[in-house]
1. What pairs come up if the first residue lies in the stretch 145-159 and is farther than 13 Å from E102 by Cβ, the second is hydroxyl-bearing (S, T, Y) and surrounded by 24 or more Cβ atoms within 10 Å (Cβ to Cβ), and their beta carbons are under 6 Å apart, counting only those six or more places apart or on different chains?
2. Would you mind telling me which numbered condition in (1) touching a Phe, Trp or Tyr at 6+ places or on another chain (Cβ under 7 Å); (2) open to solvent by 60 Å² or more (accessible area, probe 1.4 Å) Y173 fails?
3. Quick one: would you say A280 is open to solvent by 10 Å² or more (accessible area, probe 1.4 Å), of a type outside the set (V, I, T) and either more than 30 Å from A226 (Cα to Cα) or modelled with pLDDT of 95 or more (or both)?
4. Report the residue count in the stretch 286-296 for those that are open to solvent by less than 60 Å² (accessible area, probe 1.4 Å) and assigned to a helix (DSSP H, G or I).
5. For the stretch 210-233, check the following and say yes or no: at least one residue is of a type in the set (S, T, Y), under 17 Å from A108 (Cβ atoms) and crowded, with 21+ Cβ neighbours inside 10 Å.
6. Among the residues in the stretch 15-24, are any at pLDDT 95 or above, within 23 Å of R235 (Cβ to Cβ) and under 22 Å from the mean Cα position of the chain (by Cα)?
7. Any residue in the stretch 52-76 that is touching a residue at least 40 places away in the same chain (Cβ under 8 Å) sitting within a Cβ distance under 6 Å of a residue that is of a type in the set (A, V, I, L, M) and open to solvent by 10 Å² or more (accessible area, probe 1.4 Å)? List the pairs, counting only those 6 or more apart or interchain.
8. Kindly evaluate E193 against the criterion of being assigned to a helix (DSSP H, G or I), without any contact (Cβ under 8 Å) to a residue 24 or more places away in the chain and open to solvent by 70 Å² or more (accessible area, probe 1.4 Å).
Amino acid sequence: MKKVLVTVTNYSKFCKSSKNYLQSSGFEIDENTSGKRYSEEQLIQLVPNYDAAIVGMDPWTDRVLQKANKMKIIAKFGVGYDNIDISSAAKKGISVTYARGENAQSVAELALTLILNVLKKVSVFNRHIRSGIWDRELQHELHGKTVGLYGFGNIAQALAHMLKGFDVHILAYDPYFNKSIADNLGVQFCQQEELLRHSDVLSLHLPGFEENTHIIGEKELNQMKAGSILINTARGNLIDLDALAIHLQNGHILGAGLDCFETEPISKTHPIFEFENVVATPHCGGKTFEAYDRIGLSTAQNIIDMFNGITPKNIINAKEDK
């Protein structure tokens with residue numbers, strides 16, 4: 001019987017259908033029941049015993065993968081795979097897949113929620129009214145604004161679809177820009193500098209690769225339109241939070257909605273939380289019951305296909321000989 005290591009927590013609770021699917025297909029499942037991500041050292045001890053893995057944000061480094069001598073497939077429970085050493089996996093003959101598009105609706109909905117929350121000051125008013133403050137300050141409308149999408153993958157496309165009802169002008173930059181999809185959604189391609197300069201709302205939808213670290217830093221924040229807001233439901237390393245704090249302090253940036261941070265969990269004493277116009281959530285954009293069901297079934301199907309001699313969907317790395 002093939003053994004599957006599941007490193008994501010609460011798998012039995014939220015992914016019953018996918019667990020049953022794997023078990024009924026003849027797989028034995030071992031789950032992470034600690035409630036925490038596995039460390040590199042823990043994975044090094046675990047991986048020699050497994051044929052496949054369903055993984056979250058654990059550090060699947062070269063050191064870990066060197067011990068994965070039985071493993072044939074790593075199925076990422078989500079879309080961001082920057083925590084997996086893709087090259088090392090390929091050299092070990094391990095295919096890596098991801099759940100492309102399965103959490104797009106959930107993350108896009110949170111991005112829209114953060115946009116409206118910042119513009120409408122929902123969190124600020126909620127805190128105030130609970131403290132006995134009845135301030136009724138003016139807010140901003142989304143209607144008629146220019147929304148910039150930095151990255152135009154599945155999540156950004158889902159967000160663009162939702163935004164159509166607000167009668168906004170949507171710009172997007174992506175080196176792999178899909179013009180046919182953009183035309184259907186009424187999205188206009190532009191270069192990075194134009195995106196920063198013209199967007200009233202800038203929403204980030206980029207992978208957290210090393211080259212994208214602080215892609216929004218001091219220089220880019222200076223280029224952004226005065227009074228604009230910044231939304232990040234992608235990866236925390238995309239934004240230099242120290243630089244953002246300066247621009248919130250001087251009023252150049254109106255507010256921010258942040259679902260992810262460079263260090264997670266982020267400290268409650270971080271200077272970014274001095275600003276009421278920052279709305280924060282704990283990297284939960286893809287954590288809906290519906291997304292978990294879709295992602296769970298997707299990862300299960302990829303593992304089953306692999307051991308049935310069928311090429312799994314959404315393989316990231318080109319498989320190499322050991």
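1. T146/S199; G148/S199; L149/S203
2. (2)
3. Values: open to solvent by 10 Å² or more (accessible area, probe 1.4 Å): yes; of a type outside the set (V, I, T): yes; either more than 30 Å from A226 (Cα to Cα) or modelled with pLDDT of 95 or more (or both): yes.
Criteria met by A280.
4. Taking the stretch 286-296 first, the residues open to solvent by less than 60 Å² (accessible area, probe 1.4 Å) are 286, 288, 291-292, 295-296.
Those still in the list that are assigned to a helix (DSSP H, G or I) too: 291-292, 295-296.
Residues flagged as open to solvent by less than 60 Å² (accessible area, probe 1.4 Å) and assigned to a helix (DSSP H, G or I) within the stretch 286-296 amount to 4.
5. Residues of the stretch 210-233 that are of a type in the set (S, T, Y), as a first pass: 213, 228, 233.
Add one more test, that the residue is under 17 Å from A108 (Cβ atoms), and what stays is 233.
After this cut, where a residue has to be crowded, with 21+ Cβ neighbours inside 10 Å as well, the list is 233.
Yes, the stretch 210-233 contains a residue that is of a type in the set (S, T, Y), under 17 Å from A108 (Cβ atoms) and crowded, with 21+ Cβ neighbours inside 10 Å.
6. Step one: of the stretch 15-24, the residues at pLDDT 95 or above are 15-24.
Subsequent filtering for residues that are within 23 Å of R235 (Cβ to Cβ) retains none.
Within the stretch 15-24, not a single residue is at pLDDT 95 or above, within 23 Å of R235 (Cβ to Cβ) and under 22 Å from the mean Cα position of the chain (by Cα).
7. So the pair list comes out as G56/V8; K72/M306; I73/M306.
8. Working: assigned to a helix (DSSP H, G or I): yes; without any contact (Cβ under 8 Å) to a residue 24 or more places away in the chain: no; open to solvent by 70 Å² or more (accessible area, probe 1.4 Å): yes.
When the stated conditions are applied, E193 does not pass them.
The values are calculated or read from the model by the stated rules, or taken from the named source; none is laboratory data. The structure displayed is predicted, hence computed values, not measured ones. FYI the Cβ positions are ideal-geometry reconstructions off the backbone, even for glycines, and counts take in every protein chain you see. Keep in mind that these areas ignore ligands, DNA and RNA; they rest on the heavy atoms of the full protein, side chains included. Shrake-Rupley method; radii C 1.70, N 1.55, O 1.52, S 1.80 Å.
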